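See below for the structure under consideration.
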Amino acid sequence: MSAPRIEIDIGKIEHNATHLVDVLAKKGIGVTGITKATLGSPRIAAALVRAGVRALGDSRIENIEAMRNAGIGAPMRLIRSPALSTVERAVAHADLSFVTELDVIRALSTAAGAAGVVHGVVVMVELGDLREGVMPDDVDHVVEAVLGLRNLSLDGIGTNLACRSGIAPDTTNMTALSELASSIETTFGIPLRVVSGGNSANLNWSLSAAPPGRINDLRLGESILLGCEPLHRTPIIGLHTDAITFVAEVIESKPKPSMPWGDLAQTAFGTRADPVGHGTTFQTILAAGQQDTDPAGLRPSTGIEVLGASSDHLVVDSGQRIPIGSEMRFLPNYSALLRSMTSPFVAKVLTPTTR
């Protein structure tokens, strides 16, 4: 079988999604299944739909188009604001878009009018992580503008935390989002169908004993695919953490000194090595590198240590000679998964199993 490759157990992913859908439903929270880390894989999308997600979400319109072309009929949410150059595609293939800018909102309305449809929008609100969103004091102005456009439907509001600055969802910021939703409904006399509290980082908060307030939607990707929550990468009880595996082939394995020699300068990626000598090691090289994955995000088997990587070589301390042509398996974190799925040099092998 070709290597490097990503092996994806669809049955385990469906199990993870079903479990999260079920436990969050008891809190009155629905799940938007996020497909961006799998490049909008139709087979994984179908598994999420079978698991009961209320919609599929992706940040790339190309992935939504791929799922539509494969016959996936579930509601689709474009969870990154469309660029002005892609509003026509967003209207054609997504049911709603997450938005933050009036220029984009007006362009979406124009595109929806030309297509003869009404396009849904969720206004994103900035609550501290400093990625995207309208500042809370400006939300009423944006809502008023949306309501004045006949080709748009204000489906709700949302926020995103933990992605850029690592700000954790908590009672304070989730209460602020709930209060803002209620204020909008009172001020404008409209119901909000969606109050999207955030991503997999919200799970610790949402599964706590506290009631979720107005939050009725979470956008889950990493927790479904990797079985952990992103704040501390702690495994979630009841979920598989090995649904996805990165596999690479050994092309060299021999004892070498642990310290390089000669004048140290920058590496191929502009960093400087900080070697620590500990005698002779069994250095094994695998046919994968920075172009294929995030080496720092690979967790090897016990007894193996990732030492570093260049563009095309992944170097590990294997403790012993490993036969040439054999394979090593790693559990990827989200960064390693995302880069591996994007690389055309990494084969993607999806296997259906029982849950």
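Below are the figures for this structure:
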read-out	value
Unmet criterion (only one of (1) closer than 21 Å to Cys228 by Cα; (2) modelled with pLDDT of 95 or more) for Leu207	(2)
Flag if Arg329 is of a type in the set (D, E, K, R) and surrounded by fewer than 17 Cβ atoms within 10 Å (Cβ to Cβ)	yes
Among residues of the range 53-85, those that are in contact with a Gly (Cβ under 6 Å, 6 or more places away or on another chain) and either part of a loop (DSSP other than H, G, I, E, B) or farther than 11 Å from Pro42 by Cβ (or both), counted	5
Qualifying residue in the range 72-81 (condition: among the aliphatic types (A, V, I, L, M) and over 18 Å from the mean Cα position of the chain (by Cα))	yes
Residues of the range 12-46 classified as in contact (Cβ under 8 Å) with a residue 60 or more places away in the chain and either under 18 Å from Asp217 (Cα atoms) or in contact with a His (Cβ under 9 Å, 6 or more places away or on another chain) (or both), total	20
Among (1) in a strand (DSSP E or B); (2) at pLDDT 95 or above; (3) surrounded by fewer than 17 Cβ atoms within 10 Å (Cβ to Cβ), the one test that Ile285 misses	(3)
Meets criteria (in contact with a strand residue (DSSP E or B) (Cβ under 9 Å, 6 or more places away or on another chain), of a type outside the set (Phe, Trp, Tyr), surrounded by fewer than 18 Cβ atoms within 10 Å (Cβ to Cβ) and over 15 Å from Ala248 (Cβ atoms)) for Arg299	no
Ile64, sole failed condition from (1) assigned by TED's automatic domain parsing to the domain that holds His141; (2) farther than 30 Å from Met135 by Cβ	(2)
Out of Gly11, Gly28, Gly33, sole residue that is assigned to a loop (DSSP other than H, G, I, E, B) and either under 19 Å from Tyr334 (Cβ atoms) or modelled with pLDDT of 95 or more (or both)	Gly28
Residue pairs meeting the criteria (Cβ under 9 Å; at least 6 apart or on separate chains; first at pLDDT 95 or above, in the range 82-98; second of a type in the set (S, T, N, Q) and part of a strand (DSSP E or B))	Pro82/Ser97; Val87/Ser97; Ala90/Ser97; Val91/Ser97; Leu96/Ser153; Phe98/Ser196
Options Leu226, Leu314; residue that is buried (at least 22 other Cβ atoms within 10 Å of the Cβ), closer than 30 Å to Thr159 by Cβ and not small (Gly, Ala, Ser)	Leu226
Members of the range 169-188 found to be in contact with a Leu (Cβ under 8 Å, 6 or more places away or on another chain) and crowded, with 18+ Cβ neighbours inside 10 Å, listed by number	Pro169, Asn173, Leu177, Ala181, Ile184
Residue under evaluation Lys254, criteria (1) touching a strand residue (DSSP E or B) at 6+ places or on another chain (Cβ under 6 Å); (2) assigned to a strand (DSSP E or B), criterion not met	(1)
Any chance Glu126 is out of contact with any helix residue (DSSP H, G or I) (no Cβ under 9 Å at 6 or more places or on another chain) and touching a residue at least 12 places away in the same chain (Cβ under 8 Å)	no
Scope the range 212-269; condition of a type in the set (Gly, Ala, Ser), farther than 24 Å from Asp294 by Cβ and in the same structural domain as Leu314 (by TED's automatic domain parsing); matching residues	Gly262
Candidates Leu218, Leu264, Leu231 - the one that is part of a loop (DSSP other than H, G, I, E, B), surrounded by 13 or more Cβ atoms within 10 Å (Cβ to Cβ) and out of contact with any Phe, Trp or Tyr (no Cβ under 9 Å at 6 or more places or on another chain)	Leu231
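The values are calculated or read from the model by the stated rules, or taken from the named source; none is laboratory data. Please read these numbers as outputs of a predicted model, since none were measured by experiment. Cβ: placed from backbone, ideal geometry, glycine included. Neighbour counts: every protein chain shown.
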